[in-house]
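Since the structure comes first, as structure tokens, the remarks are kept for the end.
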Amino acid sequence: MQKKTHIKKGDLVKVLSGVERSKQGRVLEVDRDRMVAIIEGLKLNKKHSKPTTANPQGGIVDKEGPIHLSNLMLIDAKTGKPGRVGRKANKEGELERYVKTKKTAAK
């Protein structure tokens, strides 16, 4: 049985910890078995590739590495602020995700 995740492919996320801390990017892929995501342009690793018909020269290619889902936070598309994910029913009764952002208290 696969686990439910708060991050989906195509989401804009912020990295909370690790080498890529406080950077943001778009999710390219989510592996629910390992609970990791591949983020566009983050955690780049050098990959040595053999010559192929598509790339006859071969060489060293930068490839994105996995980041654990617990280190990612969803960014609200409207406000651009990161927050936790909540689910609520819409008019048709289907669950839709929304971002719970931190509310600042007026002093």
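Each reported figure results from applying straightforward, stated rules to the coordinates on display, with no laboratory input. None of these values were measured; they are calculated from a predicted model. Ideal geometry is used to build each Cβ from the backbone, glycine not excepted, and the neighbour counts take in all protein chains shown.
Looking at region 1-102, which trypsin sites (Lys or Arg not before Pro) are DSSP coil and have at most 11 other C-beta atoms within 10 Å of their C-beta?
Taking region 1-102 and a limit of 11 other Cβ atoms within 10 Å, the loop trypsin sites (Lys or Arg not before Pro) found are K3, K4, K9, R21, R34, K78, K91, K102.
Report relative contact order for the chain in percent, whole number only (criteria: Cα-Cα under 8 Å, sequence separation at least 6).
It rounds to 21 percent for the chain.
How many angstrom separate the Cα center of region 49-74 from the Cα center of region 88-102?
Their Cα centres are 34 Å away from one another.
Diagonalise the Cα gyration tensor of the chain and give the resulting equivalent ellipsoid semi-axes, square root of 5 times each eigenvalue, largest first, whole Å.
Over the Cα atoms of the chain, the semi-axes work out to 33, 18, 12 Å.
Principal axis lengths of region 12-75 from Cα atoms, whole Å, largest first?
Projected onto its principal axes, the Cα set of region 12-75 covers 40, 24, 17 Å.
Can you list the lysines whose alpha carbon is less than 26 Å from that of K47, not counting same-chain residues fewer than 8 positions off?
Partners within reach: K8, K9, K14, K23, K63.
Within 10 Å of each candidate Cβ there may be at most 14 other Cβ atoms; applying that plus a DSSP loop requirement, which GluC sites (Glu not before Pro) in region 41-107 survive?
Answer in residue order: E92, E94.
Could you grab the relative contact order for region 12-75? Cα pairs under 8 Å, six or more apart, rounded to a whole percent.
RCO, region 12-75: 36 percent.
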